[in-house]
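*Asks:* Pasting a structure here, questions to come.
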């Protein structure tokens, strides 16, 4: 079944994104928001796809091609802003439907985040084209670029995004359901939140990473196999459990459910 919606986690891989600070890297928070929404839409019965599921690099041409080729009618492009402002922003195409963007903005406002603006921007060299490539190059797809707040805000954005990003992500889900007139309920929010509680990111510069069978002691010599983060531009996994400090259970394609050692000193990052 073709998706109605495709969700784009902005940046990724070699591109960390400008909306980063001491608490998060934008690409990782974008991915957490996108994976959360992806699970929610599946729970609500809305056909949905992703431009990326892991920490991979997508150049603008590849990213927009994935959106165009998906067959989706709509796209959320998730981002965290920078530049010293405060509040959420929704950017829609000069040819797009402002109603969807305004519904999202209102829902985010109701969820407790102030909304700075809903707007469009034209390309200075050609005012008949959108300035932002996600609006300009995604074809007939109705793309909304959603900036959930500012990573360098002097206001309350940083604290709000650290503690409430799931609430704002859910607000977008609610607004989109209302926009396409699809039944919405928040009964599954706690399940989705639990599923996305922790995400493990393995860095792009790591050529290999040991994984261990579930029954094995996770020490050198007991390896079940090796992951190749560098080959794939970095790897990202949902954390399924943590049997001991800095040891996590993940589900891999090649080895199934395994243990992995990921102390912060190794370069691995855990996001909530």
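*Asks:* Sort 6, 270 by Cβ crowding within 10 Å, fewest neighbours at the top.
*Replies:* With the sparsest Cβ surroundings first, the list reads 270, 6.
*Asks:* Taking a cut-off of 21 Å, what percent of all Cα-Cα pairs in the stretch 199-271 are separated by more than that? Spell out each step's value before the answer.
*Replies:* Details: 331 of 2628 pairs.
When all Cα pairs of the stretch 199-271 are counted, 13 percent exceed 21 Å.
*Asks:* Between the alpha-carbon centers of the stretch 121-158 and the stretch 196-272, tell me the distance in whole angstrom.
*Replies:* Distance between centres, Cα-based: 34 Å.
*Asks:* Same structure, new question: Run through the DSSP bridge list for the stretch 1-122 and note the antiparallel percent, rounded to the nearest 5.
*Replies:* Within the stretch 1-122, antiparallel bridges account for around 10 percent of the total.
*Asks:* R0 = 22 Å: FRET efficiency of residue 94 with residue 61, Cβ-based, nearest 0.05?
*Replies:* Step by step, r from the Cβ atoms, then E = 0.55.
*Asks:* Moving to a separate point now. How do 27, 166 rank when sorted from fewest to most other Cβ atoms within 10 Å of their own Cβ? Mind dumping the intermediate values first?
*Replies:* Values: 27 28, 166 20.
Fewest to most other Cβ atoms nearby, the residues stand as 166, 27.
*Asks:* For q = 0.12, 0.18 Å⁻¹, what log10 I(q)/I(0) does the stretch 85-142 give under the Debye formula with an equal point scatterer on each alpha carbon and no solvent?
*Replies:* -0.31, -0.63
*Asks:* Please arrange 75, 177 by how many other C-beta atoms lie within 10 Å of their C-beta, fewest to most.
*Replies:* Fewest-to-most Cβ neighbours within 10 Å comes out as 177, 75.
*Asks:* Using only alpha carbon pairs under 8 Å that are at least six residues apart, calculate the relative contact order of the chain and give it in whole percent.
*Replies:* 19
*Asks:* Which percent, to the nearest 5, of DSSP beta bridges fully inside the chain are antiparallel? Don't skip to the answer; put the middle values down first.
*Replies:* Working: 27 of 46 bridges.
That works out to approximately 60 percent antiparallel.
*Asks:* How long is the chain along each principal axis, judged by its Cα atoms, biggest number first, in Å?
*Replies:* 61, 44, 41
Taken together, the values in this text are just the output of simple stated rules run on the coordinates, not laboratory data. The structure presented is a predicted model; accordingly, all values stated were derived computationally and were not measured. Virtual Cβ from ideal backbone geometry, glycine too; neighbours counted across all protein chains shown.
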